[in-house]
Amino acid sequence: MTTDYRRDTVYPAFFHREQSPVWLSTVCAALGRAAPAGTRWCEIGCGQGYGMAILAAANPDMQFTGIDVNPDHIALAQARAKAAGLDNAAFICADIRDDGVVEGSFDFIVNHGVMSWVDDAVRQAIASFVATRLSDDGVAAVHYTSEPGGAAFRAFHAVFRSVAHRPNPIAEGLRALTAMRDAKAGFFQLYPHASQTLDALLADPPEYVAHEYLNPVFRPLAFHEVEALFAPRGLSWLGSATPIENIDAVSIPSDAARAIAPVRERTLRETMKDMARNQALRYDLFARPAAPLGDHAHLSLLRTAAWRLLPGAPAAGRLTFQTRIGPVEGDAAIFRPLLQALAQGSRSFDALERVSPFAGRPALLNQALQMLLWADVAHPVVPVANPAPAARLNRILLAEKHRPALVCPMLGSGLALGARDLAALGDGSAPQGLRHLTALK
Ligand SMILES: C[S@@+](CC[C@H](N)C(=O)[O-])C[C@H]1O[C@@H](n2cnc3c(N)ncnc32)[C@H](O)[C@@H]1O
């Protein structure tokens with residue numbers, strides 16, 4: 001039996017904010033690592049290229065390359081990019097195991113939703129590609145289903161694979177899982193979060209469920225297994241692309257944090273943290289080892305950024321962060337003045353340092369901004385030299401059925417918008433601020 005990834009259905013469109021160069025550079029800076037200086041970005045397993053198209057339109061001065069083994073994915077991606085005139089986006093139909101898939105090196109390499117759905121040979125090929133193609137100061141972001149939280153879903157995979165040969169395996173698999181839940185099967189008693197995932201799957205498009213659970217391989221990975229793919233190839237773990245997971249105080253329950261505190265060895269620490277959070281997904285950053293920046297250089301780097309609020313941000317009120325360890329109330333003494341300052345408009349890091357709770361405490365400001373970034377409350381802003389590709393792509397996306405995000409050139413990224421905002425942008429009745437954000441004047 002081949003273990004190759006299925007090519008018979010198109011994976012739905014997604015946008016992953018963690019893949020944007022601005023996001024990755026911002027998280028690197030927060031962790032004390034200079035952002036990559038170059039402008040070449042690559043996605044291994046880009047699907048139908050929705051996310052990459054958004055990033056290419058938002059960053060017209062950068063070069064974007066998407067690689068995927070499914071010709072239908074690449075055909076869709078190329079058609080959308082061509083229609084929007086994205087001359088900085090190249091989509092290549094290839095298996096990452098093939099030699100010479102692309103030329104040159106990349107400053108950002110991203111890989112989302114692939115590692116846990118392919119066999120070890122493909123995982124090794126992905127790691128080799130990253131190790132040989134990442135520029136010296138580049139950063140790679142690798143997303144996967146992780147142990148121990150993701151392990152429960154092996155049982156879902158087993159059910160769907162058991163009916164894979166039938167004419168309608170998705171409906172049959174969902175029926176079997178629902179019947180087991182209704183019957184209060186031991187599995188659902190032991191893993192209450194599996195019940196929530198089943199509810200989500202019942203509402204998801206069947207193509208999504210097919211990619212998730214009908215592939216021959218579904219392999220939640222432990223951190224040490226992923227680290228073992230990259231470390232022997234000269235890449236070390238830098239942190240998480242999910243900012244809150246770099247801040248232990250708000251991502252690990254306090255008893256577990258006390259147990260982990262004396263552990264110095266990174267692999268064991270990360271493994272214990274995954275246990276503390278019952279982590280089901282990880283988004284790890286890997287890079288070539290570099291000496292950490294000194295305090296002065298780190299502060300100078302943080303000061304290169306400017307931030308703005310995102311639509312829907314609580315102007316000055318209470319801020320509750322819905323974290324993996326439950327709701328965490330934002331300290332009003334910190335977040336109220338920060339939100340008030342940002343409500344006046346975009347603010348540079350050094351301007352925010354002058355806001356009272358942060359005077360002389362840049363590390364506190366750094367953490368608070370990372371929390372706001374993670375919570376979709378604030379985002380760094382970038383200068384916009386050419387909004388035309390963003391406007392062209394957004395007009396095309398607005399005409400599509402499923403629109404997980406639109407391009408926001410001033411964020412160098414995309415943004416998920418609600419149905420009402422999308423409708424208002426479509427018929428031209430959106431408020432000026434939203435039209436400005438999406439370059440749809
Ligand atoms: C779950 S989809 C994720 C798509 C996209 N990264 C996203 O998150 O929206 C996994 C993608 O990996 C691609 N893929 C699987 N095996 C591959 C291989 N050996 N070489 C290149 N692409 C591969 C599939 O065709 C599919 O588009």
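The values are calculated or read from the model by the stated rules, or taken from the named source; none is laboratory data. Computed from a prediction, not measured in an experiment: that's the story for all the values here. Note: ideal-geometry Cβ built from the backbone for every residue, glycine included; neighbour counts use all protein chains shown. Quick note on the areas: whole protein, heavy atoms, side chains included, nothing else; ligands and nucleic acids left out. Shrake-Rupley method; radii C 1.70, N 1.55, O 1.52, S 1.80 Å.
What is the dipole size for the chain, taken about its Cα centre, with +1 at each Lys and Arg Cβ and -1 at each Asp and Glu Cβ, in debye to the nearest 20?
Rounded to the nearest 20 debye, it is 860 debye.
With unit charges on the beta carbon (Lys/Arg positive, Asp/Glu negative), name the residue among 200, 151, 164 whose Cα is farthest towards the positive pole of the charge dipole of segment 115-267.
164
Taking a ≥ b ≥ c as the square roots of the eigenvalues of the Cα gyration tensor of segment 317-437, is the shape rounded (a/c under 1.5), prolate (a/b larger than b/c) or oblate?
Prolate, because a/c is 1.5 or more and a/b exceeds b/c.
In whole percent, what relative contact order does the chain give with Cα contacts below 8 Å and a gap of six or more residues? Can you show the working numbers first?
On the way: 751 pairs, mean separation 84.4, N = 441.
After rounding, I find 19 percent.
For segment 332-371, just say rounded, prolate or oblate: build the C-alpha gyration tensor, square-root its eigenvalues into a ≥ b ≥ c, call rounded for a/c under 1.5, and beyond that prolate if a/b exceeds b/c, oblate if not.
Rounded is the answer for segment 332-371, as its axis ratio a/c remains below 1.5.
With a Förster radius of 56 Å, plug the Cβ-Cβ distance of residue 295 and residue 165 into 1/(1 + (r/R0)^6) and report the FRET value to the nearest 0.05.
E(calc), rounded to 0.05, equals 0.40.
Starting from the Cα of residue 34, step 7 Å along the direction of its Cβ; do the same at residue 259; then give the gap between the two resulting points in nm.
Modelled inter-label distance: 4.1 nm.
What does the charge add up to near residue 350, with Lys and Arg as +1, Asp and Glu as -1, over the other residues with Cβ less than 14 Å from its Cβ?
Summing Lys/Arg as +1 and Asp/Glu as -1 gives +3.
Find out how many positive minus negative residues lie around residue 172, taking Lys and Arg as positive, Asp and Glu as negative, among other residues whose Cβ is under 12 Å from that of residue 172.
+3
If r is the Cβ-Cβ distance from residue 195 to residue 346 and R0 is 41 Å, what FRET efficiency results, to the nearest 0.05? If you can, show how the numbers build up before the last one.
Working: r = 43 Å, r/R0 = 1.05.
Given R0 = 41 Å and the Cβ-Cβ separation, E is 0.45.
Label the chain by shape, choosing from rounded, prolate and oblate, from the square roots a ≥ b ≥ c of the eigenvalues of the Cα gyration tensor; if a/c is under 1.5 it is rounded, and otherwise prolate applies when a/b is larger than b/c, oblate when it is not. Provide the component values of the computation, followed by the final result.
Numbers: a/c = 1.35, a/b = 1.19, b/c = 1.14.
Because its axes are fairly even, with a/c under 1.5, the chain counts as rounded.
Taking the Cα centroid of segment 70-113 and of segment 319-398, what is the distance between the two, rounded to the nearest whole Å?
When both Cα centres are located, 31 Å separates them.
Any idea how far apart residue 128 and residue 332 come out in nm if each label point goes 7 Å out from Cα toward Cβ?
Each label point is offset 7 Å from its Cα along the Cβ direction, giving 5.9 nm.
Which Cα, out of 138, 188, 215, lies furthest along the positive dipole direction of segment 119-217 (beta carbon charges, K/R +1, D/E -1)?
188
Among the DSSP beta bridges whose two residues both lie in the chain, what percent are antiparallel, rounded to the nearest 5?
55 percent
Ranked highest first by the average count of other Cβ atoms within 10 Å around their residues, in what order do 413-425, 370-382 fall?
On the way: 413-425: 17.2, 370-382: 21.4.
Top of the packing list down: 370-382, 413-425.
Stretch residue 318-residue 98 to full length: gain in nm at 0.36 nm per residue minus the Cα-Cα span?
The residue 318-residue 98 span can extend by a further 74.0 nm.
Considering the options 321, 64, 178, tell which one lies farthest towards the positive end of the dipole of the chain, charges being +1 on Lys and Arg and -1 on Asp and Glu at the Cβ, about the Cα centre.
321
Residue separation times 0.36 nm, minus the C-alpha to C-alpha distance between residue 361 and residue 178: what's the value?
60.7 nm
Multiply the residue separation of residue 427 and residue 6 by 0.36 nm, subtract the distance between their alpha-carbon atoms, and state the gained length in nm to one decimal.
147.7 nm
In terms of modelled amide H atoms, which long-range or inter-chain residues lie less than 5 Å from the amide H of residue 348?
For residue 348, the qualifying residues are 307.
For n ≥ 4 DSSP H runs only, could you compute -39500 (n - 2.57) per run for the chain, divide by its residues and tell me the 222 nm figure to the nearest 500?
One gets -12000 deg cm²/dmol as the mean residue ellipticity at 222 nm.
Out of residues 5 or more away from residue 96 or on other chains, whose amide H comes under 5 Å of its own, with H placed 1.01 Å from N in the peptide plane?
Correct list: empty.
Once phi is turned into θ = phi - 60°, what whole-Hz ³J(HN,Hα) does the Karplus curve with 6.51, -1.76 and 1.60 give for every residue of segment 366-373, x standing for Gly and Pro?
Rounded to whole hertz, the list is 4, 5, 5, 5, 5, 5, 5, 4.
With charges set only on the Cβ (+1 for Lys and Arg, -1 for Asp and Glu), what does the dipole of segment 138-206 come to about its Cα centre, in debye to the nearest 20?
200 debye
What are the trypsin sites (Lys or Arg not before Pro) within segment 156-247 that DSSP puts in a loop, where the Cβ has at most 15 other Cβ atoms within 10 Å?
Qualifying residues, ordered by number: 184.
Mind checking the alpha-carbon convex hull of segment 149-213 and giving the volume per residue in Å³?
Dividing the Cα hull volume of segment 149-213 by its residue count gives 77 Å³.
Take 208, 144, 191 and sort them by solvent-accessible surface of the protein heavy atoms, 1.4 Å probe, largest at the top. Walk me through the numbers on the way to the answer.
Details: 208 45, 144 0, 191 80 Å².
Per-residue accessible area, sorted high to low, gives 191, 208, 144.
Amide H neighbours of residue 107 under 5 Å, counting only residues 5+ apart in sequence or on other chains, H built in-plane at 1.01 Å?
40, 41, 135
Quickly rank 344-351, 12-19 as a protection proxy: mean count of other C-beta atoms within 10 Å, highest first.
In decreasing order of mean packing, 344-351, 12-19 become 12-19, 344-351.
Simple spin-label model, 7 Å along Cα-to-Cβ: residue 384 to residue 248 in nm?
Inter-label distance under the simple model: 4.1 nm.
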